[in-house]
Amino acid sequence: MPETIAVPPFTARIVERLSVGATSRRERVIHSLDGLENPVHPETLANTGAGLWRLLQEQVPDGLGSVDFLLGLDAGGILPTVALASAAQLPYKIAWKLHLPLDGAVRFSEPHAMRTDVFAYGITPGQRIVIVDDEITTGRTLADLTRRLREAGAVPLAAACLVEDTTRGARDLLTDLGLPLASLTTIEGTA
């Protein structure tokens, strides 16, 4: 008889960062997919992606229509992007903190990071994109990315994240930009 594996529910919490720089946040959200405290079972990754996909389908008011690809943010956004891509059967790209001589470059800012410049490549007018990250706090990174994608003629349809800090106004910022946000769980950070 095959072994039954119990998959724990998705969890997230805030921990204090040690040895942080002047521009970095003093806290870090850790969660079930980051593998920091416990090993991540592949079924957990699959269930998380499926849950995030269900939420996106339910919470995007005008529907997702035809999504060309998911755009994940390095480094924390890679796992949720892969999980969501697998569940939704959609292709994905990752935006990196690498300035490369590639076509369709869109440069945006992650203001609370040590290295603030992030680049998405191969962006062309009319592409319909869902943005994915692991956590959202202030929303400034996703807001800047949304603006830059629109300037390039792309169409950001929605944003999806694993964890939303509800104390810093990210949802309101994205709503003002007309970008729906689906978050798997919420947490109250230290505002």
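The values are calculated or read from the model by the stated rules, or taken from the named source; none is laboratory data. Bear in mind that the values here come from a model prediction, so they are computed numbers and not experimental data. Note that each Cβ is placed from the backbone with ideal geometry, even for glycine, and that neighbours are counted across all protein chains shown. Side chains included, ligands, DNA and RNA excluded: accessible areas come from the protein's heavy atoms. Shrake-Rupley method; radii C 1.70, N 1.55, O 1.52, S 1.80 Å.
Look at VAL155 and say whether it is modelled with pLDDT of 95 or more, under 24 Å from GLN57 (Cα atoms) and buried (at least 20 other Cβ atoms within 10 Å of the Cβ).
No, not satisfied.
In this structure, does LEU162 turn out to be in contact with a His (Cβ under 8 Å, 6 or more places away or on another chain), closer than 19 Å to GLU58 by Cβ and not charged (D, E, K, R)?
Yes, satisfied.
What are the residues in segment 67-126 that are in a strand (DSSP E or B), in contact (Cβ under 8 Å) with a residue 40 or more places away in the chain and surrounded by 15 or more Cβ atoms within 10 Å (Cβ to Cβ), if any?
PHE69, LEU70, LEU71, GLY72, LEU73, TYR92, ALA95, VAL106, PHE108, VAL118, ALA120, listed by residue number.
Residues checked against (1) modelled with pLDDT under 90; (2) under 18 Å from ILE129 (Cα atoms):
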site: PRO39; (1), (2): no, no
site: GLU43; (1), (2): no, no
site: LEU73; (1), (2): no, yes
site: TYR92; (1), (2): no, yes
site: LEU100; (1), (2): no, no
site: ALA105; (1), (2): no, yes
site: ARG115; (1), (2): yes, no
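Output the number of the condition that GLN57 fails; it satisfies all remaining conditions of (1) open to solvent by 80 Å² or more (accessible area, probe 1.4 Å); (2) assigned to a loop (DSSP other than H, G, I, E, B).
Single failed check for GLN57: (2).
Could you tell me which residue of segment 158-189 is modelled with the highest pLDDT, considering only residues that are among the hydroxyl-bearing types (Ser, Thr, Tyr) and open to solvent by 20 Å² or more (accessible area, probe 1.4 Å)?
THR175
So which residues in segment 117-150 are at pLDDT below 95 and over 17 Å from SER183 (Cα atoms), if there are any at all?
Hits for segment 117-150: nothing passes.
Take the residues in segment 1-35 that are of a type in the set (Asp, Glu) and open to solvent by 100 Å² or more (accessible area, probe 1.4 Å); name whichever of them is modelled with the lowest pLDDT. Steps first, please.
Taking segment 1-35 as the starting set, the residues that turn out to be of a type in the set (Asp, Glu) are 3, 16, 27, 34.
Imposing the further condition that a residue be open to solvent by 100 Å² or more (accessible area, probe 1.4 Å) reduces the set to 3, 16.
Values: GLU3: 56, GLU16: 89.
Restricting to residues being of a type in the set (Asp, Glu) and open to solvent by 100 Å² or more (accessible area, probe 1.4 Å), the top hit is GLU3.
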